[in-house]
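The values are calculated or read from the model by the stated rules, or taken from the named source; none is laboratory data. Fair warning: this is a prediction, and the values are worked out from it, not measured in the lab. Here Cβ is always computed from backbone atoms with ideal geometry, including for glycine, and neighbour counts include all displayed protein chains. Each accessible area value is taken on the protein alone, full model and side chains, heavy atoms only, with ligands, DNA and RNA left out. Shrake-Rupley method; radii C 1.70, N 1.55, O 1.52, S 1.80 Å.
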Amino acid sequence: AQSVTQLDSQVPVFEEAPVELRCNYSSSVSVYLFWYVQYPNQGLQLLLKYLSGSTLVKGINGFEAEFNKSQTSFHLRKPSVHISDTAEYFCAVSDQSRAGGGNKLTFGTGTQLKVEL
Amino acid sequence: GAGVSQSPSNKVTEKGKDVELRCDPISGHTALYWYRQRLGQGLEFLIYFQGNSAPDKSGLPSDRFSAERTGESVSTLTIQRTQQEDSAVYLCATGLDQPQHFGDGTRLSIL
């Protein structure tokens, strides 16, 4: 079984400042890792994913995340945020033994990013 | 439409009644997932369909829950004899493999 911890329920940040949203996971097996974003009044959508290869993964809208196996982390970062990045961000993990890793995603409880002028 | 469409958006029903929730996937998305999100909690996996393969039903919490999907078309999630603990937002997600896009969900309230 896996679990995901997003320690920060809310992160306020000024526009053009850098941001890091933290995600830690727990698993007894190798995992795939995902970040999803939910913009106001919209459904969740996939932001980026780590399946294998380079531990630095780049996603849409300038976001990136780094998989750190020793620290069991997959923190999401953006060097300069925009007002339009205001949204809720969910980290998720799945068991690598599943083909494609897609099913049975375990989600964190989400981090609300609020970008202010 | 361009996104995952779920209906109804809200459903209020009495305890003991059956409910049916619908998910229209994005065209071409072979994978379809149902998740449940209770108030203040993370998303909980319910069931996974991939093309014509047998679905993964391991997340269904009881035999009151069932879901169907024919091929790559619409899916329905049925909850029989609803209980108050079934109150939640039920989310559908589709993709080629991983969940790519989620619908806006059906908010189910059991009185």
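Here the condition is being over 25 Å from B:PRO25 (Cβ atoms), polar (S, T, N, Q) and modelled with pLDDT under 95; of A:SER27, A:SER94, it holds for A:SER27 alone. Among the residues of segment A:19-32, at least one is within 11 Å of the chain's Cα centre (by Cα), assigned to a loop (DSSP other than H, G, I, E, B), touching a residue at least 12 places away in the same chain (Cβ under 8 Å) and over 30 Å from B:SER5 (Cβ atoms). Chain B holds strands (runs of 3 or more DSSP E) entirely within its bounds, and those carrying 2 or more residues that are out of contact with any Gly (no Cβ under 8 Å at 6 or more places or on another chain), more than 10 Å from chain A (Cβ to nearest Cβ) and closer than 19 Å to A:GLU88 by Cβ map to B:106-110.
Given the criteria touching a helix residue (DSSP H, G or I) at 6+ places or on another chain (Cβ under 8 Å), of a type in the set (Lys, Arg) and open to solvent by 40 Å² or more (accessible area, probe 1.4 Å), does B:LYS11 qualify? Give the steps one after another, and end with the answer.
Working: touching a helix residue (DSSP H, G or I) at 6+ places or on another chain (Cβ under 8 Å): no; of a type in the set (Lys, Arg): yes; open to solvent by 40 Å² or more (accessible area, probe 1.4 Å): yes.
Taking the combined requirement at face value, the residue does not satisfy it.
So which of B:LEU60, B:LEU77 is within 11 Å of the chain's Cα centre (by Cα) and either surrounded by fewer than 20 Cβ atoms within 10 Å (Cβ to Cβ) or at pLDDT below 95 (or both)? Give the steps one after another, and end with the answer.
On the way: B:LEU77 fails: either surrounded by fewer than 20 Cβ atoms within 10 Å (Cβ to Cβ) or at pLDDT below 95 (or both).
When all the criteria are applied, what remains is B:LEU60.
Just give me the residues in segment A:1-16 being open to solvent by 70 Å² or more (accessible area, probe 1.4 Å) and of a type in the set (Asp, Glu), in sequence order. Before the answer, list the steps.
Taking segment A:1-16 first, the residues open to solvent by 70 Å² or more (accessible area, probe 1.4 Å) are A:1, A:7, A:9-10, A:12, A:14, A:16.
Across segment A:1-16, the qualifying residue is only A:GLU16.
Are any residues in segment A:1-30 within 13 Å of another protein chain (Cβ to nearest Cβ) and within 21 Å of B:PRO99 (Cβ to Cβ), and if so, which ones? If you could, list the steps in order and put the result at the bottom.
Keep residues of segment A:1-30 that are within 13 Å of another protein chain (Cβ to nearest Cβ), which gives A:1-6, A:9, A:23, A:25.
Correct list: A:ALA1, A:GLN2, A:SER3, A:VAL4, A:THR5, A:GLN6, A:CYS23, A:TYR25.
If the condition is being surrounded by fewer than 17 Cβ atoms within 10 Å (Cβ to Cβ) and modelled with pLDDT of 95 or more, then segment A:48-61 contributes A:LEU56, A:LYS58. Out of A:VAL19, A:VAL31, A:VAL37, one residue alone is open to solvent by less than 20 Å² (accessible area, probe 1.4 Å) and over 24 Å from B:THR94 (Cα atoms). It is A:VAL19.
Does segment A:14-31 contain at least one residue that is among the aromatic types (Phe, Trp, Tyr), in contact with a helix residue (DSSP H, G or I) (Cβ under 6 Å, 6 or more places away or on another chain) and closer than 19 Å to B:GLU44 by Cβ? No, because not a single residue in segment A:14-31 is among the aromatic types (Phe, Trp, Tyr), in contact with a helix residue (DSSP H, G or I) (Cβ under 6 Å, 6 or more places away or on another chain) and closer than 19 Å to B:GLU44 by Cβ. On the stretch given as segment B:16-49, residues that are open to solvent by 40 Å² or more (accessible area, probe 1.4 Å), touching a Ser or Thr at 6+ places or on another chain (Cβ under 6 Å) and over 10 Å from B:CYS92 (Cα atoms) total 2. In segment A:63-77, is there at least one residue being within 14 Å of chain B (Cβ to nearest Cβ), open to solvent by 40 Å² or more (accessible area, probe 1.4 Å) and assigned to a loop (DSSP other than H, G, I, E, B)? Within segment A:63-77, not a single residue is within 14 Å of chain B (Cβ to nearest Cβ), open to solvent by 40 Å² or more (accessible area, probe 1.4 Å) and assigned to a loop (DSSP other than H, G, I, E, B).
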